[in-house]
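The structure that follows is given in the form of structure tokens.
Every number here is computed from the coordinates shown, using simple stated rules; none is lab data. The structure presented is a predicted model; accordingly, all values stated were derived computationally and were not measured. Don't worry about glycine lacking a Cβ; one is built from the backbone with ideal geometry, like all the others, and counts go over all protein chains shown.
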Amino acid sequence: MSATGLTPALDYHVVNSLGWPDLRPLQRAAVEPVRSGADVLLLAPTAGGKTEAAVFPLLSAMVDTSWTGLSVLYLTPLKALLNNLEPRLATYTGWLGRRVGLWHGDIGPAARRTIITDPPDILLTTPESLEAMLVSVNVDHRALFAGVRAVVVDELHAFAGDDRGWHLLAVLERVSRLAGRRLQRVGLSATIGNPDALLTWLGGGTPAQRAQVVAPQARTVAPADAEVTLDYVGTVANAATVIAALHRGEKRLVFCDSRAQAETLALELRAREITTFVSHSSLAAEERRRSEQAFAEARDCVVVATSTLELGIDVGDLDRVIQLDAPRTVASFLQRLGRTGRRPGSSRNTIFLATRHDAFLQAAGLLRLWRSGFIEPVVPPPNPRHITAQQLLALALQQGSFGRRSWSRWWAGLPVMDSAEEVLDYLVAQGFLEADGDLLFMGPTAETRFGRRHFMDLTAVFTADPELTVLHGRTEVGSVSPVSLTEHLPEGRPRVLALAGRAWVVTHVDWRRRTVSVAASDSPGRSRWGHGGMHLGRDMAQSMRAVLLGEDPGVPLSRRGVVALEKLRAERRSTVAADGSVLARDAKSARWWTYAGGKANTSLAAVLTAAGYEVTADSFAIGIAGPVDAAEMRATSLTHAHAVPAISPEVLEGLKFSAALPVDVATEVLAQRMTDPGTAGDVAQAPMTVVEG
């Protein structure tokens, strides 16, 4: 073993092939715990060398203790990130006579067959592709996964905050059973506010004998080490004018809050003769690859992206990050800020360009939180019983059948399966599973609901809105929502889409095949997609309230920004009070300004609805129809604390696999995720200022 603790051959190549005089602090600190087999969470800013900190010790253990076959799974949330990692890891494994393989939805049958017949030492994949391997009749999953010893979960926070995290843990437990050993877990992240809790969560159903957070470097970019400014520009067109004028000759990455905004900005920039590339999830894979490659190699250019480039994809030597409007969380901002400042002598930087007053206020609130050192804790969503149902059905596919009394052996006490007996009873009663004595296997209801495309819908726990593929000749450009093709147009006006930063006139729509034929156009284009409209969290809403009350966002403002902030404070002065909430009312209606966040206001709205009030709610306030007695309303809010929001069948359909749960159980899952009764109770008890209108 070398002085670094790595296997000598790898130590040699670190110095002589990479030209590194030494390992980085995180990489050196990670060697012992990772090589020891401990569960480890590696934290460092973006570009802090986390991949090598995980892979180098695992490769060393692989060589020094003679691991054979597929030994390490490397999981990421994005296919693009896997594509980006593959050449780098192929170099590292090649030094040691080992191999890396790549498997995701864009990988062809020939490459998959090679992995099955001659497994690599490290497999780069997603949890959904891992699930697809487990249930595929073409994969001998016992043989393929028999030698797996460790799993690396890159961008851990991106999994843990939603149902993909629960799915990931459940799939890993099944792989662990096939391998006959507990898998070592190594998580990587740049932005986690509660690392110890997340490391425990990553451990799954069987706690590790050793678990360690490794974070020798600063976990976040300190405000003193970054150049961040906030500007108000009013429109996307004005933002394009500013971007075109700023930092000519530099490589600029612009983040947008939606695909539609990204396409609009890209068209505006190209109209100003700026070399512009686009990246978002509705572009064709080849289109995204061309954009990312061209941007990585170019200099004087702009790439416009949604969160697809927020994670650790290498986009080359970046000079500037520009944020249109604001991300939803401090953690997301830190990921984006971390794309800059990688060259010696350069600094982390972001310019915020707000196109709306509410977006300006959100940016100010976010930056105030960042200046205070706050990062949101990553909290796995509660009560994932729909994932329980999905896992039981997936096990039936994987094994052909399983024992009614022995199913629990596959998940080793994982919390996601805590309520499995109740769910299992329902699956059997409704025909999702059929029984033959003690054995359970796929039933006719599951075939009907999930059997299309060889049950591939069962491998993904997220629901995507239906889109139509856009074709220019035979070349796929990307996809758009049906709403882009159905909104009313004046008679004689052609339908022009914006996609991949270009305008396309629609020549034909084949609704049966879900394709759109297009030709290039010089006319302005517009595309639309479903936009989540998710509520803001309590901390963000409260920080925006604090800014309205006079607190400093903590970063330099442009002259336009100073004016915008003064205007916001003047216009919304009546919505905030220093010691609690504000009820603004007149004889016909009222608005209860809580600034408590979307979940707390959903809880309060449910309480008031149960008491007979007609209400609406957003992240900041609750609208109430009719005259309102403040004392009576507050008393109602405290006495109906357990009311839950009404959940329509359409909303219930958005919970994937809800069909495999009793309606009341699926409703309970959603209600628990949509509400925050604790904060709602705090708001109801706090002082209330009444403003008569």
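Taking +1 at the Cβ of each Lys and Arg and -1 at the Cβ of each Asp and Glu, which of L392, A643, L82 sits farthest along the dipole of the chain towards its positive end, judged by Cα position relative to the Cα centre?
My answer, from the dipole projection, is L82.
Give me L283, L565, L638 ranked fewest to most by other Cβ atoms within 10 Å of their Cβ, as a rough exposure proxy.
Fewest to most other Cβ atoms nearby, the residues stand as L638, L565, L283.
Now, a different point. From the residues P687, T594, T575, which one has its Cα farthest along the dipole of the stretch 572-692 in the positive direction, the dipole being from +1 and -1 charges on Cβ of Lys/Arg and Asp/Glu about the Cα centre?
Farthest towards the positive pole: T575.
I've got another one for you. If packing is taken as the mean number of other Cβ atoms within 10 Å per residue, what is the order of 31-44, 588-601, highest first?
588-601, 31-44
Also, I was wondering about something else. Per DSSP H run of at least 4 residues, take -39500 (n - 2.57); add these up for the chain, divide by its residues and hand me the 222 nm value, nearest 500 deg cm²/dmol. Please report the intermediate quantities before stating the final value.
Values: 27 runs with 277 residues, N = 693.
For the chain, the value works out to -12000 deg cm²/dmol.
Given axes a ≥ b ≥ c from the Cα gyration tensor, I'd like to know whether the stretch 28-167 is rounded (a/c under 1.5), prolate (a/b larger than b/c) or oblate.
Oblate, because a/c is 1.5 or more while a/b does not exceed b/c.
Enumerate the lysines that K79 could reach by cross-link, defined here as Cα to Cα under 27 Å, with residues fewer than 8 away along the same chain left out.
K50, K251, K656
Placing unit charges on C-beta atoms (Lys and Arg positive, Asp and Glu negative, everything else neutral), compute the dipole magnitude of the stretch 8-214 about its Cα centre in debye, rounded to 20.
Rounded to the nearest 20 debye, it is 360 debye.
Related question: I'd like the distance separating the alpha-carbon centroids of the stretch 578-647 and the stretch 500-522, in whole Å.
Cα centroid of the stretch 578-647 versus Cα centroid of the stretch 500-522: 46 Å apart.
Which of the peptides 263-276, 194-207 is most tightly packed, and how do the rest follow, judged by the mean count of other Cβ atoms within 10 Å per residue?
By packing density, highest mean first, the sequence is 263-276, 194-207.
Length gain on complete extension for the stretch A412 to L96, per 0.36 nm per residue less the alpha carbon to alpha carbon distance?
That pair, A412 and L96, stretches by 110.3 nm at full extension.
Then there is this: For the chain, what are the DSSP H helices with axial Cα length of 20 Å or more and mean Kyte-Doolittle hydropathy of at least -1.0? It would help to have the intermediate numbers written out before the result.
Details: long enough: 50-64 (22 Å, 0.81); 79-95 (25 Å, -0.34); 163-179 (24 Å, 0.08); 357-371 (21 Å, 0.19); 385-399 (21 Å, 0.18).
The answer, listed by residue number, is 50-64, 79-95, 163-179, 357-371, 385-399.
Compare the peptides 160-169, 577-586 by average per-residue count of other Cβ atoms within 10 angstrom and give them in order, highest first. Write down the numbers at each step before the final one.
Values: 160-169: 23.1, 577-586: 17.2.
Listed from highest to lowest mean packing, they are 160-169, 577-586.
Can you pull the Rg over Rh of the chain, Cα-only, Kirkwood?
Values: Rg = 26.4 Å, Rh = 27.4 Å.
Here the Rg-to-Rh quotient is 0.97.
Next question, about the same structure. Please state the charge dipole magnitude for the chain, taken about the Cα centre, from unit charges on C-beta atoms (+1 on K and R, -1 on D and E), reported in debye and rounded to the nearest 20.
1220
At 7 Å along the Cα-to-beta-carbon direction for both L652 and T507, put a label point, then send me their distance in nm to one decimal.
Going by the 7 Å Cα→Cβ label model, 4.6 nm.
Using Cα pairs under 8 angstrom and six or more residues apart, how large is the relative contact order of the stretch 468-516, in percent?
Relative contact order here is 35 percent.
In percent, how large is the relative contact order of the chain, given Cα pairs closer than 8 Å and 6 or more residues apart?
12
Would you list, by chain and number, the aspartates and glutamates whose Cα falls below 13 Å from the Cα of K588, excluding same-chain residues fewer than 8 positions away?
Hits, sequence-local ones excluded: E614, D629, E692.
I'd like to know which of G161, V151, G69 lies farthest towards the positive end of the charge dipole of the stretch 65-170, counting +1 on Cβ of Lys and Arg and -1 on Cβ of Asp and Glu.
Farthest towards the positive pole: G69.
Something else about it: For the stretch 108-124 and the stretch 1-62, what is the separation of their Cα centres, given in Å?
With the stretch 108-124 and the stretch 1-62 each reduced to a Cα centre, they are spaced 26 Å.
Contact order normalised by length for the stretch 8-214, with contacts defined as Cα pairs under 8 Å and 6 or more residues apart; what percent is it?
29
From the convex hull of the Cα coordinates of the stretch 223-371, what is the mean projected area in square nanometres?
That works out to 8.1 nm², a quarter of the Cα hull's surface.
While we're on this one: Going by Cα centres, the stretch 228-275 and the stretch 395-474 are how many Å apart?
Each part reduced to its Cα centre gives a spacing of 45 Å.
As an exercise, find the ratio Rg/Rh for the stretch 468-516 from alpha-carbon atoms, using the Kirkwood inverse-distance average for Rh.
Value, to two decimals: 0.93.
Pull up all non-local amide H partners of I107: gap of 5 or more, or a different chain, and H-to-H distance under 5 Å with H placed in the peptide plane.
When sequence neighbours closer than 5 places are left aside, there are no close amide H contacts.
In terms of the Cα gyration tensor, with a ≥ b ≥ c the square roots of its eigenvalues, is the stretch 548-684 rounded because a/c is under 1.5, prolate because a/b exceeds b/c, or oblate?
Here the stretch 548-684 falls in the oblate category.
Same structure again: What is the sum of charges, Lys and Arg at +1 and Asp and Glu at -1, for the other residues whose Cβ falls under 11 Å from the Cβ of R371?
-1
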